[in-house]
Every structure is written in C-alpha cells, then in structure tokens.
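Novice: One structure coming up, written as structure tokens, with questions to follow.
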Amino acid sequence: GKSGYEHYMLKEIHEQPTALRQTLSGRVNEQAGTVELEDLDGLAGREPAGVQLVACGTSYHAALYGARMLREQGIPATATIASEYALERPPVADQLVVGVTQSGETADTLSALRTAAQRGAETVAVTNVVGSTAARECDHALYIRAGPEIGVAATKTFSSQLVTLRLLTEHLTNGTTDGIHDRLATLRALPGALQEVLDETQAPAVAEEYVGADGYFFIGRGYNYPVSLEGALKFKEITYEHAEGFPAGELKHGTLALVTNETPVIATVTGNDEAARKTVGNVKEVEARDAPVIAVTDGQTDVARYADHVLEIPDSHPTTAPILANTQLQLFAYHMANELGRAIDKPRNLAKSVTVE
Ligand code: F6R
C-alpha cells in the first residue's frame, strides 16, 4: 500500500534514504578505499578502453551523469540514447557496454545491448529487477537495489542508479584515483543528507506560487546538467505543463528568446566551482529579463541574491549534491502536479515499462 501517502510517487520519493542504504550495503570498504561489486566478478581494476552507456528517458539522464563521472576519473565514456545507439551501431572493440534500465525490459535498451553483444562487446545491465531480460541477457548484472517502484515516474530508482554508477566507476578504477576517501565518506553521509532535504523542503509552497505559468526552464551545468534534464522530464510527465531542461550555457543560443516574466527558471547551482559560478551568470541574464528564478542550491554561491525562491540542500560532494538537488526537483514537480489534480501515479499515455521500440 501507500503507507499513508497520497500517491506512490510521494512514498517512493520518501523511500530514497532507505533505497540508497540498500544500494550501498556491503559494497563499500571505506578503510581500504575500495568498492566491491559481487555482481561484477572479473571486472575489478581491469579498466576497459572505454565505456558506452545506453539508456532511455530518466535512465539516460543517469547515464549522462555516469559517463561524466567515468571521464573525470580517466575512463573515456559516452552516454547514448538507446534507440539511436541501436541504429548507429558504433564500434565496440574493447568497450564495456552498460545498459542502464530500471525495469530491465525496455525494448530500445535491450535492442542496443543486443547489437553491441552481437559485435563482441562485453555487456553489463544496471537494473532494479532480478531476473529481468537485461539481467539475463548481459554478461553481468549490477543491481541498483532500490526496491519495487510502483509510480510510473521514476524517482528512487533514478537516485539508486546514480549511486550505482558512482560505485561502478570506483570499482573499475579500484584504489587508483585521488580523492576516493572523500567520495566514499560522502556516499555514507548521503542517505542522512537526503532525509534532511525531505524533512525541510520548501517545495510545496514554492510550487503553489507558480501554477499556470507559460513554461518552465530547468538549467544547470556539469553534473547539474543531467539533473536539469531530469527535473524537466519529471515535471512534464506528471504536470502536463511544458518544460525544457538544458545546459545553462545554451540559454543564450536560442531559448533566451522565450524567457519572460511568465516563464519561471529553475536553476540548480551547487558548490562554488566554475560550473556553479557560470550558472550564476546565466541566472543574472534571466533575472534581467524579469523571469522568476527558483534556485536549488547549497548556498555556496550568491545565487540566492538573484532568486525569488530558494530550495535549499545541505553541503555535499560535487557528485552527490546533484542527487540532493534532484530530490527538490522531484518534490517541486510532485506538488505542482498535485495542485493541478493530475493522475500522478499513472500519467496519461505513459507505461511503467516500454516494451515496444
Ligand atoms: C520517466 C521514466 C522513463 C524511464 C524510461 C526507461 O519517469 O520512468 O523515462 O526512465 O522509460 O525505463 P527503464 O529504466 O525501465 O529502461
């Protein structure tokens, strides 16, 4: 049942701290600075020449985040939308091909994995469902362990995918990259930090303010770019309102023409690195055009000065802050959809797993 929550989606958003504890359980050896993934025997420390991630929808956003993380730790990696990958069939020599699929049944992702396997690639399924088609067909199955997700909109499975891709990255580079102790300590702290976001969110009141706008733009850079894509997708899916997510730097290359005082801009700005400071610059551009600004931030830049509302998150590592920020975006979408009386757990035209190409 829904355990007292009005919708499965809200219940599953609140289950994220537990889901992440399950994802991490028994896999991290903080003292040694290593990650052990029972599901990936034979891959540890054997760096592939490259990693190709394939996925659809929300899982594609997780793949973008994972690919960035792999590249940052020295492994060439790409994220490709599965339906395009299956048509294009890129070269796979010495590549590890990773299908990110919550259900393990998405036809486009299965098709991409099959074309890669036929051409000799070693394949991994990153999935939530034991015994799913992807888990059975791939050389390796890496389980995200989020627990069953009933709501059509993916929430806790997305967070668990992000953490699992962090673990996969550490596993492939075991003990060989700087900063591992910091990263592992932040992972341990993540479920508690996420609980803090859930307990203190201002999302219901902020969402209520912006019902009925002309459109909603979600912007961010770096790891917050996939988070912005995900924020917009979730928002469209359950509110039926028009939204667009994109890298903040792209704003001035076209979309800025649509920005008015009727188009809230939701900017995710975490940390105080170059990506964060440049996003603050983009926030000033939209503020100058009278767009309402909602900043999702840990307060490490002065973005709040240019924002009408702030959705706060606690300080965190650059790779975990986006997971906390995304939780605020989930709640913003949820509360907006609830204001609008939408069918949140079963949005029109959508299915939980898409088994046609
Ligand atoms: C959006 C959503 C979809 C799925 C996509 C892939 O909330 O859930 O975009 O992420 O259909 O599904 P899986 O991960 O099962 O392959």
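Novice: Any idea how far the Cα center of region 3-31 sits from the one of region 84-117, in Å?
Specialist: Answer, in whole Å: 27.
Novice: Going by how many other Cβ atoms sit within 10 Å of their own, how do D41, D298 line up, fewest first?
Specialist: D41, D298
Novice: How big is the charge dipole of the chain about its Cα centre, in debye rounded to the nearest 20, if each Lys and Arg gets +1 on its Cβ and each Asp and Glu gets -1 on its Cβ?
Specialist: 540 debye
Novice: For region 61-113, taking Cα atoms only, what is the radius of gyration to one decimal and the Dmax to the nearest whole Å?
Specialist: Considering region 61-113 through its Cα atoms, Rg and Dmax are 11.3, 31 Å.
Novice: Once you've got the GNM for the chain with C-alpha springs shorter than 10 Å, pick whichever of T157, T106, T270 has the biggest mean-square fluctuation.
Specialist: Looking only at T157, T106, T270, the largest GNM fluctuation is found for T106.
Novice: Given only helices, namely DSSP H runs of n ≥ 4 each adding -39500 (n - 2.57), what is the per-residue ellipticity at 222 nm of the chain, to the nearest 500 deg cm²/dmol?
Specialist: -13000 deg cm²/dmol
Novice: Would you mind computing the Rg to Rh ratio of region 111-197 from its alpha-carbon coordinates, Kirkwood style for Rh?
Specialist: 1.03
Novice: Right, something else. With the Cα gyration tensor of region 269-357 giving a ≥ b ≥ c as the square roots of its eigenvalues, does the rule (a/c under 1.5 for rounded; else a/b larger than b/c for prolate; else oblate) give rounded, prolate or oblate?
Specialist: prolate
Novice: Evaluate region 179-295: find the radius of gyration of its Cα atoms, find its Kirkwood radius, and give the ratio Rg to Rh.
Specialist: Rg/Rh for region 179-295 comes to 1.00.
Novice: Now for a different question. Semi-axes of region 1-125's equivalent ellipsoid from the Cα gyration tensor, sqrt of 5 times each eigenvalue, largest first, rounded to whole Å?
Specialist: 28, 21, 12
Novice: Continuing with this model, one more query. On a C-alpha basis, how far is the centre of region 288-330 from the centre of region 151-225 in Å? Whole number, if you could?
Specialist: So the separation of the two Cα centres works out to 12 Å.
Novice: Then there is this: So what's the net charge close to Q31: Lys and Arg +1, Asp and Glu -1, counting the other residues with Cβ under 15 Å from its Cβ?
Specialist: For residues surrounding Q31, the net value is -1.
Novice: For A49 and R348, calculate 0.36 nm times their separation in residues minus their Cα-Cα distance, and state this gained length in nm to one decimal.
Specialist: 103.4 nm
Novice: Sort T297, T268, T115, T320 so the one with the fewest other Cβ atoms within 10 Å of its own Cβ comes first.
Specialist: T115, T320, T297, T268
Novice: By counting other Cβ atoms within 10 Å of each Cβ, how are R221, R71 ranked from fewest to most?
Specialist: Result, fewest neighbours first: R71, R221.
Novice: What's the local net charge at G1, with K and R +1, D and E -1, over the other residues with C-beta under 15 Å away?
Specialist: My count for the surroundings of G1 gives -3.
Novice: Within straight cross-link reach of K236, meaning Cα distance under 12 Å, which aspartates and glutamates are found once same-chain residues fewer than 8 apart are removed?
Specialist: Once the sequence-local aspartates and glutamates are set aside, what remains near K236 is E244.
Novice: Taking just the alpha carbons, could you work out the radius of gyration and Dmax for the chain, both in angstroms?
Specialist: Spelled out, the Cα radius of gyration and Dmax of the chain are 19.4, 55 Å.
Novice: How long are the semi-axes of the equivalent ellipsoid of region 133-173, defined as square roots of 5 times the Cα gyration tensor eigenvalues? Whole Å, largest first.
Specialist: Values for region 133-173, descending: 20, 15, 7 Å.
Novice: Based on the Cα coordinates of region 94-140, what is the per residue volume of their convex hull in Å³?
Specialist: 54 Å³
Taken together, the values in this text are just the output of simple stated rules run on the coordinates, not laboratory data. Owing to the predicted nature of the structure, the values given are computational and were not obtained by experimental measurement. Note: ideal-geometry Cβ built from the backbone for every residue, glycine included; neighbour counts use all protein chains shown.
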